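Participant: Below you will find the structure I want to go over with you.
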Amino acid sequence: MFSNELWHKSDTTTYSIDQSIRFNSADTAYMHRTPSSTGNRKTFTSSFWVKLGKLGVNTALPMPGVTHGIGSSSLYLTTANVLNAYMYYNGSWSGLLIGTRVFRDPSAWYHFVIVVDTTDSTASERIRIYVNGQRETNFSSEAYPTQNTDTDWNLSGEKMWIGIDPSGSGYNGEYYASEMVYIDGQALDPSSFGETTSDGIWVPKDVSGLTFGTNGFYIDGRDSADLGDDESGSGNDLTTSGLASHDQVADSPTNNFNTMNPLNPLNGGALSQGNLTNVLSGDDQFYTTQELGFKSYCEVRVDAQSNYGGTLGLGTFGGDDDDNTLVFQTNYLSGYIWLNGGNASANIGGTITTGDIVMMAYDPTTRKWWVGVNGTWRNSGDPANGTGQVYQHSTTDFGEGIGAIVWGGWKGSANGLTVTWNFGQDGTFAGQETAGGNSDGNGVGNFKYSVPSGFLANCTKNLGS
């Protein structure tokens, strides 16, 4: 879903990012590195882009955290979704900033810059935090290190951690991380890592020309076989744990893809794998909206069958019933494929079972919807030629006038229906499949099956196409 106004627009930028690294908390995914040489312990800068997954839990953000002796230092989001930057040593806070701003938009890419410079004569300048180019200034608690304090960062033999709290508290990351940059020995402001477009949008810039220092690094995940590879030229590679090649995904700060929405008011199941794997139980509902701007294509894999009824498909969020909703329905244990629209149901043939991949294509101009399974379109459908659709809605608003279509999984008593979505960002379905390597006509996306001519992946690069 693209709820953030930042991602409804496009503007000219010469810098493009092709991937991010997906941290899944259930996999205890993290990175670490132990410096062999001591760098600058007073001055350093961390910059990264992150798209949040799980909300309302303690989440270690991808700034290097450190631990030394009986103290530790890190940056994380609390259960209240506010920032907590801390330096704790020998029973006291040598540095502590607890924010008041709430970070709970799972559709937006946030850019964080954290600057530590204990040499500064002004206490409040010794730790600075910026989000999307703007400095954070409102804190419920503030404590700053004394001038010229040697921190635990850049200390030889002391491990630095990304994606997990170094104190041993866990706080495993559940997000997409991109452009993780660490600068040893310099206090840089956000302009070193991003810039504002003529439309007032904060976007990334090329950081390869920066000087990274003794223990500095630049992790962008471009090498799926070595996600911790340092691209700075310093050779400061990070060791990975709980990460695999399929955790390199196409979702990025310059091309934002649809994901499921954990803010759905009727949720109660579970989302994981960057909000793409959807487990339904009871009366759970998760969905994502997409602008009606272009013909769209997506895929969804059935990971586990439901013991009861469960649905997935396209339409509008309609509460406890299926009014004006178009769905695939796994009917109890039979797995029959049903079409349901405006309370009218019809079996459109065949069954689906665990491991099947459902293909869906929608044309907002003609309001036609196509459905297929494992590479074959039902009803002898041909989306490219506009024929054989399984349904054509009579109005453009699907009964609620929201001006957007909804992809999702919902319906009461789903009890275990598990699916993984692919809007073009991950053709492996979180490592369960060999990616087909199929992109849309704009060269965007990685799908298991061929994308019908004229249909596009659900991402910001295709908005307005």
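Participant: In a shell of Cβ-Cβ distance under 9 Å around Ile357, excluding Ile357 itself, what net charge do Lys and Arg (+1) and Asp and Glu (-1) give? Could the numbers behind the result be given before it?
Facilitator: Working: positive: Arg301, Lys448; negative: Glu299, Asp356, Glu433.
Once positives and negatives cancel, what remains is -1.
Participant: Shape verdict for the stretch 121-226, please, from the Cα gyration tensor: rounded (a/c under 1.5), prolate (a/b greater than b/c) or oblate.
Facilitator: On the way: a/c = 1.40, a/b = 1.07, b/c = 1.31.
Rounded shape, in that the Cα axes give a/c under 1.5.
Participant: Okay, next question. Name the residues whose placed amide hydrogens come within less than 5 Å of the amide hydrogen of Gly388, ignoring near sequence neighbours (fewer than 5 apart) on the same chain.
Facilitator: For Gly388, whose amide H was placed from the backbone, the distant partners under 5 Å are Asp382.
Participant: Next up: Take peptides 44-56, 449-461 and line them up by average Cβ neighbours within 10 Å, highest first, as a rough protection proxy.
Facilitator: Details: 44-56: 23.2, 449-461: 21.5.
So the peptides 44-56, 449-461, ranked by packing, come out 44-56, 449-461.
Participant: Follow-up. Residues with beta-carbon under 10 Å from that of Thr59, excluding Thr59: net charge, scoring Lys, Arg +1 and Asp, Glu -1?
Facilitator: Working: positive: Lys54; negative: Asp165, Glu174.
Counting the neighbours of Thr59, the net charge comes to -1.
Coordinate-derived values only; no laboratory data. Since the structure is predicted, the reported quantities are computational estimates derived from the model, not experimental observations. Positions of Cβ are backbone-derived with ideal geometry, glycine not excepted, and every protein chain shown enters the neighbour counts.
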